[in-house]
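These notes are about the structure you will find just below.
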Amino acid sequence: MRFDLIGLTLFFTASMGLAILTGRYIGRVFRGNSTWLDWLGPLERQLYRLIGVDPNEPMTWQQYALALGTLNGVWLVYAFGMLLVQSVIPVWNQQQIPDMDWMLALNTAISFLTSTNLQHYSGESGVTYFSQMGVLMFLQFASAATSLSVGVAVVRSLQPHTSRNVGNLYQDLVLSITRVFMPLSLIGAIALVLTGVPMTFSSYSVIETIEGVSQTIASGPVAAMLPIKHLGSNGGGFFGANTAHPFENPNAFSYLINLLNVLLLPMAFICFVGDFLNRRKLAVILFTIMTGYFLALTIPIVTQELRGNPAIQSLGISQASGSLEGKEMRFGTLASAVWCGVNVVIPAGTLTGMHDSFTPLSGLFMLLGMQLDAFYGGVGSGFLYMFLYLIIAMFIGSLMIGRTPELLGKKVGIPEMQIASVILVALPLLYLGATGLAVAIHNGHPDVGWLSNPGYHGFTTMLYEFVSSAAGNGSGFEGLGDNTPFWNLSTAVVMLLGRFIPLIGPLAIGGLLLQKQYVPPTVGVLPAESWTFGLLLAAVIIISGALSIFPAATLGPIAEYLTQYHF
């Protein structure tokens, strides 16, 4: 155990080093400096001509948001239509997989469009190779590029000059894909193939087991999909078992590669912020807060799982190896718990164990990590949540000392504060309201058959599904019969609102700040680049963010914990 902890610590340290280098590289990409991928320039220019856009045309935040909504609408229609007719597409239908029901197709299209990748189907039996590659993987690149582009636009709006130009969406999208996600995905795919991850378009294999029973072994172009699944904070599994499947995660080397891919770009984006704005101290403060909260959420999950499950221990079963129920035995309790902590803080939402089997208080910290979504968070989108907390903390802190709120030389007014407050209030209302509706329906019709484990645990299961949907995480607590009209349609609505409200809101705030006159800082201004403000920011996150889910948590994981320990 000691050596495992040392190894994970060294791995995390190495990930931070790579993130610093990657953040600087991203800064060069979006400043227009030369990079080793400049040979892609002619291809990018051909692409701009093909779609009929001028990549150098400046956009206001309203134009940026309109273009964003239009493109995402086109992608949604395409994905929805392809999933409805996937059985008749004449290529890459390995097992004659049928079309999706329209409600499941709508849920799946919205899920991958919003980078949530909530899957109400089993990957190897629900979609064809064509749908995996031409629809779902396409959306994983597009949605990740959308998050990164909006994040870059908001950071660009914090520069010390006055303008209405937040950048060009089309250029940001293309650069995100060609200069960031594509090369990293290619490197990741090659590395995963070398660890044993399959990459084939052959049909599934049928074997005869030692019991004399025929069994179908699914494979496919798995290695191509996994890197963008993790790099883009997406999380959709090629297989129903996700990263617990041995073809997605065959050994310890693939575990580390996948975990690095999850961590790399969200961490690198904070380094990019400091490099792009030339405010490295601010980046250090934000990175420290994020890392502190990441550890504060992950360590309790690890501790709870290593301590074991008292309900199982009461049966006389040793818990010396921790709570092994639902864990991936090839990696053990520690590795599965660490993976869980990383993937609820960063909304990739991938699994190496079933969260339904984790101990009750682990479920509490999972909910907190997903709901806050600001500690590294998604690629670009994690900073957007932190940006909202920055606005609120600066507003509160400045008023406490009797000064005008200013963030990096731009005055923070009532409109910016209102937008930030509305977003941070709207999201809890979204998932709590949806959970309340689900509970009312289940209590009115207990025979609906949604839950395999009712009571407090069942409440947590339904709450988790909606928090995961709103936060763009996409992992399931499992134990929920989710491929039903209610769950397909309700989570689709929650995913759409939970995705685009936190994208458009910060973009609007950034656009408003960019239009304001830059004022050099004076001694009377609360500086954002100070550890005092960092402490205030950390407190604001807890007060305005974490406490919003606490009343619901008392009805779920906390109540289950108290009941389990007979308090």
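The values are calculated or read from the model by the stated rules, or taken from the named source; none is laboratory data. Quick caveat, the model's predicted, so the values are computed rather than measured. Reconstructed Cβ throughout: ideal geometry from the backbone, glycine too, with neighbour counts over all protein chains shown. All accessible areas refer to the heavy atoms of the entire protein, side chains included, with ligands and DNA or RNA removed. Shrake-Rupley method; radii C 1.70, N 1.55, O 1.52, S 1.80 Å.
Among the residues of region 63-103, write down those that are within 23 Å of the chain's Cα centre (by Cα), closer than 30 Å to L512 by Cβ and buried (at least 16 other Cβ atoms within 10 Å of the Cβ).
If the condition is that a residue be within 23 Å of the chain's Cα centre (by Cα), closer than 30 Å to L512 by Cβ and buried (at least 16 other Cβ atoms within 10 Å of the Cβ), then Y64, A65, A67, L68, L71, N72, W75, L76 are the ones that fit.
If the Cβ limit is 8 Å and pairs must be 6+ apart or interchain, which residue in region 10-21 that is at pLDDT 95 or above pairs with which residue that is of a type outside the set (A, V, I, L, M)?
Pairs found: A19/C271; I20/C271.
Looking only at region 460-482, which residues are surrounded by fewer than 24 Cβ atoms within 10 Å (Cβ to Cβ) and closer than 13 Å to H355 by Cβ?
Once the filter is applied, which keeps residues that are surrounded by fewer than 24 Cβ atoms within 10 Å (Cβ to Cβ) and closer than 13 Å to H355 by Cβ, region 460-482 yields G476, E478, G479, L480.
Would you mind stating whether L407 is open to solvent by less than 10 Å² (accessible area, probe 1.4 Å) and more than 18 Å from the chain's Cα centre (by Cα)?
yes
For G167, which of the numbered conditions (1) open to solvent by 50 Å² or more (accessible area, probe 1.4 Å); (2) farther than 21 Å from F138 by Cα fails to hold?
(1)
Mind checking whether some residue in region 433-446 is in contact with a Lys or Arg (Cβ under 9 Å, 6 or more places away or on another chain) and either of a type outside the set (A, V, I, L, M) or open to solvent by less than 60 Å² (accessible area, probe 1.4 Å) (or both)?
no
For (1) touching a residue at least 40 places away in the same chain (Cβ under 8 Å); (2) closer than 19 Å to A374 by Cβ, each residue gets a yes or a no:
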| residue | (1), (2) |
| --- | --- |
| A426 | yes, yes |
| A434 | yes, no |
| H445 | no, no |
| V448 | no, no |
| L451 | no, no |
| L463 | yes, no |
| S475 | yes, yes |
| T484 | no, no |
| W487 | yes, no |
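Somewhere in region 165-183, is a residue assigned to a helix (DSSP H, G or I), at pLDDT below 95 and of a type in the set (S, T, Y)?
Filtering region 165-183 for residues assigned to a helix (DSSP H, G or I) gives 169-183.
Narrowing the set further to residues that are at pLDDT below 95 leaves none.
No - not one qualifying residue is present in region 165-183.
What is the residue count in region 202-232 for residues that are at pLDDT 90 or above and either part of a helix (DSSP H, G or I) or open to solvent by 30 Å² or more (accessible area, probe 1.4 Å) (or both)?
So the answer is 10.
Working only within region 393-450, note down all residues that are touching a Pro at 6+ places or on another chain (Cβ under 7 Å) and among the polar types (S, T, N, Q).
Passing the criteria: only S398.
Taking the conditions exactly as written (surrounded by fewer than 10 Cβ atoms within 10 Å (Cβ to Cβ) and either in contact with a Ser or Thr (Cβ under 7 Å, 6 or more places away or on another chain) or closer than 30 Å to V302 by Cβ (or both)), does F3 satisfy them or not?
Judged against the criteria, F3 is a match.
Please tell me if Y518 is in contact (Cβ under 8 Å) with a residue 24 or more places away in the chain, surrounded by 13 or more Cβ atoms within 10 Å (Cβ to Cβ) and not in a loop (DSSP other than H, G, I, E, B).
no
One line per residue, one yes/no per condition, for (1) closer than 19 Å to M495 by Cα; (2) assigned to a helix (DSSP H, G or I):
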{"residue": "T70", "(1), (2)": "yes, yes"}
{"residue": "W75", "(1), (2)": "yes, yes"}
{"residue": "Y78", "(1), (2)": "yes, yes"}
{"residue": "Q96", "(1), (2)": "no, no"}
{"residue": "D99", "(1), (2)": "no, no"}
{"residue": "N107", "(1), (2)": "yes, yes"}
{"residue": "S125", "(1), (2)": "no, yes"}
{"residue": "L136", "(1), (2)": "yes, yes"}
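What helices (runs of 4 or more DSSP H) lie completely within region 240-350 and have 3 or more residues being open to solvent by 20 Å² or more (accessible area, probe 1.4 Å) and among the hydroxyl-bearing types (S, T, Y)?
Counting at least 3 such residues, we get 280-307.
So which residues in region 326-342 are over 19 Å from P360 (Cβ atoms) and among the polar types (S, T, N, Q), if there are any at all?
Matches in region 326-342: none.
Can you name the condition, by its number, that E124 falls short on among (1) crowded, with 24+ Cβ neighbours inside 10 Å; (2) at pLDDT 90 or above?
Unmet for E124, out of (1) crowded, with 24+ Cβ neighbours inside 10 Å; (2) at pLDDT 90 or above: (2).
For region 494-501, indicate whether the set of residues that are at positive phi, under 17 Å from the mean Cα position of the chain (by Cα) and either open to solvent by less than 30 Å² (accessible area, probe 1.4 Å) or not small (G, A, S) (or both) is non-empty.
no
Six or more apart or on different chains, Cβ atoms under 7 Å: show the pairs whose first residue is in region 84-109 and closer than 17 Å to G134 by Cα and whose second is part of a loop (DSSP other than H, G, I, E, B) and among the acidic types (D, E).
Partner pairs satisfying both residue conditions: L84/D99; V85/D99; Q86/D99; S87/D99.
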